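So the structure is just underneath, and the comments pick up after that.
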Amino acid sequence: MKIAIVGAGWAGAAAASQLSHQHQVTVFEAARQLGGRARCVPNSVFGHPIDNGQHLMLGAYTQTLQLMRKLGINTEQAFHRTELGIISADAQYQLRAKALPAPLHMAAGLLMAKGYSWSDKHKLIRLQLALQQQQWQVPPQQTVQQLLQQHQQSHTLIEHFWQPLCLAAMNTPIDIACAQLFANVLRDSLGGRRVDSQMLIPKQDLSTLWASHALQHSELLLGHRVQSLIPTDMGVQVDGQHFDACILALPPYDCARLLEPLASTLQEQAWLQQVQSVRHRPIATLYWQPRSPWLEPEPLLMLHEQPHKQHYGQWLFNHHAIPNSFARNLISVVISNAGDASLLGRETLAQKTEAQLREQTQSRSPLPAFKQHELIIEKRATFEATPTAFRAEENTFWPAIKLAGDWLQNPYPGVLEGAVRSGIKSAQALTKQP
Ligand SMILES: Cc1cc2nc3c(=O)[nH]c(=O)nc-3n(C[C@H](O)[C@H](O)[C@H](O)COP(=O)(O)OP(=O)(O)OC[C@H]3O[C@@H](n4cnc5c(N)ncnc54)[C@H](O)[C@@H]3O)c2cc1C
């Protein structure tokens, strides 16, 4: 078959990797780089490329890791793997899974955690046990906040454990975030095997790490934004070229733009409206180049977000502590749900976040002066993972057109594993069709 894939993000690349051995695959990508939201971008400030945003994977990203290994990627070299840890930059809180078989790794980590009272540790363990007992199923429509209230989690636990975890995993605040999606992430990480709960920080830039391998057997048309799709009796025309089938591996707003002219029946239009209803949240990543290496040994620290001080930083990545990291001379700070932070203006946000870092790392090895910084704000970083968010299926009303992307139906919020799973599923749907 002659197959077009529109979009070279992780979903499109996963689909291409499945199809390109047996079919003739052409990938159309609007940008000049591969990888979509998780890609490497040129940078003039540091003199070397950086990622479009700091990414972290979990050992629980089984399909992504499996596919990477199948593609010949040495995942042990490609990532810095550490035990799940929530270590606050100000050294007040410290919870780290122990090198023990599951579930002891988490239980021991929780019992030995610093900063949380015994009552809080008890509440954390009780919540995990309750979720396990109910097979990680929560009432439909429940939000993360309601789940935490139902299980009497304290203010400290919410502020210094659940909220940062929920924002990191779902890029959606706890009062509207979907409890079921959060429970799924917890089930596959905290509730899984020890390796599943481990955190994987990429040591290579994201385009080198993944897309270049996954897309090696496909024809690539970079800088080509597809403008028109016309279903035909024989397949589909993509910008006038004939293909037997195509996969739109695009976020909902780009899908809707291409499919709008095709939606003629009431049913098709109603479906399109649901696609258009998907909302998004921004993520900001600040990168700094210190004048000398920061000697702090922890690669990942949790920051205390204090909006009243305009301190919005949530997680701090210290690449100098990651052997062979491509970004070894950089420190990065992630701000999920960055709507308020981005209102500050770029320079103020950088200044305030630097002040936050200096204030909260005082008890650690001295943070060197910074030479220069770069701020990347991805306005539509992920879809808003609420209980009512619309998640499409791979099949569409037009048999030769399939969909793929992190926002399609899968157990996860908007993350790499969801994108890869959906790419694989979409490739299967396409080859299975009569
Ligand atoms: C800053 C940031 C931090 C993140 N952190 C994490 C993290 O730590 N862990 C994690 O798991 N996930 C993280 N995510 C989410 C993750 O990046 C996404 O879930 C994933 O990249 C989505 O992949 P995708 O293939 O579904 O979509 P995209 O990556 O959006 O791919 C779609 C592609 O289609 C192209 N395109 C659009 N329209 C057209 C057209 N008409 N013609 C041709 N091409 C077109 C786009 O240019 C894009 O390359 C983060 C996202 C951001 C932005």
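Simple rule: put +1 on each Lys or Arg Cβ and -1 on each Asp or Glu Cβ in the chain, find the dipole, and look at 226, 75, 144; the Cα lying farthest toward the positive end is 75. Here's how it looks for residue 384: its modeled amide H is under 5 Å from those of 279, 280, 281, which are all 5 or more places away or on a different chain.
Of the cross-linked pairs 98/121; 114/203; 2/402; 379/425, those separated by over 20 Å at the C-alpha level are 114/203; 379/425. Taking all Cα pairs closer than 8 Å and separated by 6 or more residues, the relative contact order of the chain comes to 24 percent.
Counting charges near residue 364 (Lys, Arg +1; Asp, Glu -1) among other residues having Cβ under 10 Å from its Cβ returns a value of -3.
3J(HN,Hα) along the stretch 181-190: 5, 5, 4, 5, 5, 5, 4, 7, 10, 4 Hz, from the Karplus curve 6.51 cos²θ - 1.76 cosθ + 1.60 with θ = phi - 60°, whole Hz, x for Gly and Pro. Ordered by 1.4 Å accessible area with all protein chains kept, 233, 120, 188 run largest first as 233, 188, 120. The residues of the chain expose on average 42 square angstrom of accessible surface per residue, using a 1.4 Å probe on protein heavy atoms. Per-residue Karplus couplings for the stretch 406-414, computed as 6.51 cos²θ - 1.76 cosθ + 1.60 with θ equal to phi - 60°, are listed in order as 5, 8, 6, 4, 6, x, 10, x, x Hz, Gly and Pro entered as x. Subtracting the Cα-Cα distance of residue 125 and residue 292 from their residue separation scaled by 0.36 nm leaves 56.0 nm. Model label sites at residue 409 and residue 397, defined 7 Å from Cα along the beta-carbon direction, differ in position by 1.8 nm.
The distance between label points at residue 265 and residue 74 comes to 5.4 nm (points 7 Å beyond Cα on the Cα→Cβ vector). Between the listed residues 3, 64, 172, the Cα displaced farthest toward the positive end of the dipole of the chain, a dipole computed from Cβ unit charges relative to the Cα centre, is found at 64. In the chain, the alpha-carbon atoms span a convex hull of 144 Å³ per residue. Rounded to the nearest 20 debye, the dipole magnitude of the chain is 800 debye, with +1 charges on Lys and Arg beta carbons, -1 on Asp and Glu beta carbons, and the Cα centre as origin. Surface calculation, 1.4 Å probe, protein heavy atoms: residue 23 sits at approximately 40 Å² accessible. Across the stretch 1-124, Cα pairs under 8 Å and at least six residues apart give a relative contact order of 12 percent.
Counted by Cβ distance under 9 Å from residue 199, the other residues give a net charge of 0, where Lys and Arg count +1 and Asp and Glu count -1. Zone of residue 277 (label point 7 Å along Cα→Cβ, backbone N under 19 Å): which residues in the stretch 170-206? Within reach of a label on residue 277: 176-181. Evaluating 6.51 cos²θ - 1.76 cosθ + 1.60 at θ = phi - 60° for every residue in the stretch 150-167, the Karplus couplings come out as 4, 9, 6, 6, 6, 4, 4, 4, 5, 6, 10, 9, 5, 4, x, 5, 5, 5 Hz, glycine and proline recorded as x.
Charged neighbours of residue 76, selected by a Cβ distance under 14 Å, balance to +3 (K, R count +1; D, E count -1). Taking amide H as placed 1.01 Å from N in the peptide plane, residue 80 has its amide H under 5 Å from the amide H of 201, 203, each at least 5 places away in sequence or on another chain. Anisotropy class assigned to the stretch 219-271 is oblate, per the alpha carbon gyration tensor with a/c at or over the 1.5 cut-off and a/b no larger than b/c. Accessible surface for residue 397 stands near 80 Å², nearest 10, in the context of the full protein assembly shown (1.4 Å probe).
Quantify, in whole percent, the carbon and sulfur part of the accessible surface of the chain (1.4 Å probe; protein heavy atoms only). Accessible surface attributable to carbon and sulfur in the chain totals 51 percent. Once both labels are positioned 7 Å from their Cα atoms along Cα-to-Cβ, the gap between residue 133 and residue 146 label points is 2.1 nm. Close amide H contacts of residue 5 (hydrogens built in the peptide plane, cut-off under 5 Å, sequence separation of 5 or more or a different chain): 26, 27, 28, 247.
Evaluated with a Cβ-only charge set (Lys, Arg +1; Asp, Glu -1), the stretch 1-126 carries a dipole of roughly 260 debye about its Cα centre, given to the nearest 20.
The values are calculated or read from the model by the stated rules, or taken from the named source; none is laboratory data. Owing to the predicted nature of the structure, the values given are computational and were not obtained by experimental measurement. Please note: Cβ atoms are built from the backbone with ideal geometry, for glycine as well, and neighbour counts cover all protein chains shown. Each accessible area value is taken on the protein alone, full model and side chains, heavy atoms only, with ligands, DNA and RNA left out. Shrake-Rupley method; radii C 1.70, N 1.55, O 1.52, S 1.80 Å.
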